[in-house]
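One structure below.
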Amino acid sequence: MEFIAESPSRTNLSIILLPRFAAHFPVGQRCYSKRSVPASERPALSTLSVISVIDDDASVRAATNNLLRSHGYTVHTFASAEEFLRSAQLNGTSCVIADVQMPVLSGLDLLTLMRAQGHRVPFIFITAFPDESVRDRALKAGAIAFLAKPFAAPTLIKWLDSALQRDRGDAGP
C-alpha cells in the first residue's frame, strides 16, 4: 500500500462537474459526460459492482458519484456512516469509498464495526487530512488504499479496480 498525495495542478473535470466540485477530482482520463455508459463499453467489473460513497462533504459525494458513474459503476452516496449502516445497500455493496473524518462515526470506526459484524467488503479511504498514523491504522484494519484529497481520478479508479479484483479473487495489480 502506498500513500497517495496527488498534485492538484492537473486538468479538472469541470466539463461534467460544477466548478465548486471540480477541485476535488483532477483527471487525465476519458469522461462520458452525464450520459450513461452502454453496457458494451463498460469494464466487466463495473457492470456488476455497487460502490457506496460515504462523505460528509456534499461536493465530494457529487464529484465521486459523477466520476464513478462515468466509468459504468452503480453508485450510492451517503452523508454519514450511520446513514450507510441503516441503508439497504449495506449487504449489497461491492466496495466502500469513505472519508476518514466524519462526525459521530469516523470512516475507521465504520470499517472496524463492519469487520466485527462479518462484512468483508473492500474499503478505500479518502481524506483531506492525511496523517501517517491514521494511514497506518487504516491499512492495518484492512483498507485497500488511503488517498489524500484532492487526488487524481485515475488513481481512484486504479485502486477501485484493484479492490474489486482482489475481492473477487482475481489477480490484481
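Matching residues to (1) of a type outside the set (S, T, N, Q); (2) part of a helix (DSSP H, G or I); (3) out of contact with any helix residue (DSSP H, G or I) (no Cβ under 8 Å at 6 or more places or on another chain); (4) at positive phi:
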| residue | (1), (2), (3), (4) |
| --- | --- |
| 52 | no, no, no, no |
| 82 | yes, yes, yes, no |
| 89 | no, no, yes, no |
| 113 | yes, yes, no, no |
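Criterion first (crowded, with 17+ Cβ neighbours inside 10 Å and among the basic types (Lys, Arg)) does residue 158 satisfy it? No: the conditions fail for residue 158.
Reported count of residues in segment 99-124, each being touching a Phe, Trp or Tyr at 6+ places or on another chain (Cβ under 7 Å) and either β-branched (Val, Ile, Thr) or over 15 Å from residue 79 (Cα atoms) (or both), is 3. A count restricted to segment 54-80 and to residues that are touching a residue at least 24 places away in the same chain (Cβ under 8 Å) and out of contact with any strand residue (DSSP E or B) (no Cβ under 6 Å at 6 or more places or on another chain) stands at 13.
Out of curiosity, is residue 144 buried (at least 17 other Cβ atoms within 10 Å of the Cβ) and touching a helix residue (DSSP H, G or I) at 6+ places or on another chain (Cβ under 6 Å)? In short, yes. Within segment 123-160, the set of residues being touching a residue at least 60 places away in the same chain (Cβ under 8 Å) and assigned to a strand (DSSP E or B) comprises 126, 145, 146, 147, 148.
Residue 113 satisfies every condition listed in (1) surrounded by fewer than 17 Cβ atoms within 10 Å (Cβ to Cβ); (2) under 22 Å from residue 153 (Cα atoms) except (2). When the residues of segment 50-81 are filtered to those that are aliphatic (A, V, I, L, M) and over 12 Å from the mean Cα position of the chain (by Cα), which remaining residue is surrounded by the most Cβ atoms within 10 Å (Cβ to Cβ)? The extreme case among them is 81.
Conditions (1) touching a Lys or Arg at 6+ places or on another chain (Cβ under 9 Å); (2) surrounded by fewer than 17 Cβ atoms within 10 Å (Cβ to Cβ); (3) farther than 21 Å from residue 69 by Cα, marked per residue:
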| residue | (1), (2), (3) |
| --- | --- |
| 118 | no, yes, yes |
| 140 | no, yes, yes |
| 152 | yes, no, no |
| 162 | no, no, no |
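Look at segment 99-110: where a residue is in contact (Cβ under 8 Å) with a residue 60 or more places away in the chain, no partner that is surrounded by 21 or more Cβ atoms within 10 Å (Cβ to Cβ) sits 6+ places away or on another chain with Cβ atoms under 6 Å. Apart from one condition, residue 75 fits all of (1) assigned to a strand (DSSP E or B); (2) farther than 19 Å from residue 167 by Cβ; the exception is (2). Of all residues in segment 34-59, those satisfying the criterion of being modelled with pLDDT of 95 or more and more than 22 Å from residue 167 (Cα to Cα) are 55, 56, 57, 58, 59.
The values are calculated or read from the model by the stated rules, or taken from the named source; none is laboratory data. Since the model is a prediction, treat every value here as computed from it, not as a measurement. Cβ: placed from backbone, ideal geometry, glycine included. Neighbour counts: every protein chain shown.
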